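Since the structure comes first, as structure tokens, the remarks are kept for the end.
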Amino acid sequence: SALNRLQDVCARTSGEISSYDWGGWLGQTLGLNDNYPNIRCLVVAPMISRDEREAFGRRAAAQVGGHPGTILTSRPQADRWAPVWRRLAKAKVSLPGLGDDLLAETPEHPSFEPALGATFGWVTDGPARLQQQDGSNLVGFWFVLPLRPLEFTNAIMWQARYESGPEADRRRRAERTRRATGVLAAFIPGDDFLAEFNAANRLRLVQVQLFTSSTNELSAETLLNPSPPPPASARFTSDEPMSWYGRQWTIRFHSTPLFEAGSLRYRTWLVWSIGTLLSLGMASTVAWQTRGRLREAALAEQLRQALTRQERLSRDLHDGTLQSVYGVGLGLQRAQRLLERRPTDAAEQLADTTLAVQRVIGELRTVIRETDPTAHEDVPLGESLAGVVAHLRLASGMELDLVIAPDSDRGLTSAQSLQLLNIAREALSNSLRHSQAKRIRLRLEAQPTSLRLEVTDDGCGFDPTAAAQLGRGLRNLAIRVAELGGSHRWASASGQGASLIVEVPLASTSRPEGSKGTHA
């Protein structure tokens, strides 16, 4: 939790943290002090590309006392490096040098490059050692958190239709690696880590060992704490697996000679105490894991809802407000052309454009209101379509026809009306900008079980498949139709115009009765 808080504040900088901020974060955000048991070494390193190397060296030499001013690395031809910029040492341990490349493997630390693609965090494989100033070694592991921009989201978590699971994992990891701006690494000794799981260890009743592998792969090489050998005649040994940040760990419990000394008949209270402690410890571990899973599930749901709202807001701005602003631009261009030849008409055009700007302001307010889940206001689809067509007809000077069947929008919710309005607006905007058409026709009519929206032009036509891969508008349009539970299809060929047909199912309680159209 403490390191995640520090990760958040580091993400708000470019990576080159000032000593003033670093000291303040350690004392306030992280709450790190001499009584904080687990972290013995803490370093932060920004990601530096090849073309930034010399400028970074100059800044480092000017800002960090004793900094060599260059990146010391065994990978001079690498595309990028992670040089140590700020660091913290406790218990008189030897620190990685300022400027040392954390992506290069050294005798002091492994390469932290795999951490760049981690979703949340990464721990080293097997035991790592940190040398103390007296020459002895601390045995433990490096826990590394990748730093990424605050605007980075897990939108890359989805799996494309054509991808297999491993291919999607590789693509997501590559994207996370590309977006990384640095690393935050902490060295945690195995003995300190075990203190939280072995409160009775100070009584020497139970000995605990920590391994970095699952129970069927235990070996001396994976042992993280330099404890003495377990009792040769231990009557009780238990391996308890646990998962932590995507890696399997094992805690092994042994009985100790003190526990085995004497007859158990005279130490009933001791047996009861140890059994109670073990039961409570296991219950606490299960409760901790269950609480963690519930918290992660709640956070994942909150993130999913936030991403959904963000995507909906982006579509509304693109398909609604942006297209209205485009119409305002058309009106201003027409006023500019009329200014010298027909000033009176130009003045009228500017007045109409001013009204259009006010309409854009109203649409922005509508988008803001739509982000409030408590706001409910009916949107008259027919009236809104008429206003959009009238504005685009006046701004572009093009022939636009609108046919709306009576009662075709009766019974629609405000959300449905807004989605259909944005679909129509995107289709009209594409025709105006790209089709070179002389006439555009929009028709809205009710079918027995569905509502049909059709936009047709006599322009140059296009390839819908190729266009959907290039622009965002057609992708947004398809998403909106899918959210309404409907379907859409394009009919277009080069030089033969284009036609979009959207059909949205209607509930029986809101099915319009009218079928005759009116021309606007």
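Quick notes
- Just one of the numbered conditions (1) surrounded by fewer than 14 Cβ atoms within 10 Å (Cβ to Cβ); (2) free of Cβ contacts under 8 Å to residues at least 60 places away in the same chain is not true of R393: (1).
- Region 163-178 residues that are at pLDDT below 85 and surrounded by 13 or more Cβ atoms within 10 Å (Cβ to Cβ), paired with ones that are assigned to a loop (DSSP other than H, G, I, E, B) and not charged (D, E, K, R) (beta carbon under 6 Å, 6 or more apart): A168/Q159
- Subset of region 47-64 [farther than 23 Å from A180 by Cβ and open to solvent by 70 Å² or more (accessible area, probe 1.4 Å)]: R58, A62
- Any hit, region 43-64, residues being touching a helix residue (DSSP H, G or I) at 6+ places or on another chain (Cβ under 7 Å) and over 20 Å from A115 (Cα atoms): no
- In the set (1) within 21 Å of V389 (Cβ to Cβ); (2) modelled with pLDDT of 70 or more; (3) open to solvent by less than 60 Å² (accessible area, probe 1.4 Å); (4) not hydrophobic (A, V, I, L, M, F, W, C), the condition left unmet by Q323 is number (2).
- Note on region 12-23: among residues that are modelled with pLDDT under 80 and out of contact with any Asp or Glu (no Cβ under 8 Å at 6 or more places or on another chain), the one that is most open to solvent (accessible area, probe 1.4 Å) is R12.
- Within region 207-239, if we keep just the residues that are assigned to a strand (DSSP E or B) and buried (at least 18 other Cβ atoms within 10 Å of the Cβ), the residue that is modelled with the lowest pLDDT turns out to be Q207.
- Count of region 182-206 residues which are hydrophobic (A, V, I, L, M, F, W, C) and at pLDDT below 80: 9
- Only listed residue being closer than 22 Å to V504 by Cα, surrounded by fewer than 16 Cβ atoms within 10 Å (Cβ to Cβ) and in contact with a strand residue (DSSP E or B) (Cβ under 9 Å, 6 or more places away or on another chain), chosen from A386, A427: A386
- Selected residue [part of a strand (DSSP E or B) and closer than 21 Å to E16 by Cβ] from R75, R58, R87: R87
- Some residue of region 127-140 being part of a loop (DSSP other than H, G, I, E, B), under 20 Å from the mean Cα position of the chain (by Cα) and either among the hydrophobic types (A, V, I, L, M, F, W, C) or modelled with pLDDT under 85 (or both): no
- Picking from residues in region 61-72 that are within 33 Å of the chain's Cα centre (by Cα) and not in a loop (DSSP other than H, G, I, E, B), the one that is modelled with the highest pLDDT is Q63.
The values are calculated or read from the model by the stated rules, or taken from the named source; none is laboratory data. The model shown is predicted, which means the values in this text are computed figures rather than measured ones. Neighbour counts are summed over all protein chains in view; Cβ atoms, including those assigned to glycine, are modelled from backbone coordinates with ideal geometry. Areas reflect the complete protein model, heavy atoms only, side chains present, ligands, DNA and RNA absent. Shrake-Rupley method; radii C 1.70, N 1.55, O 1.52, S 1.80 Å.
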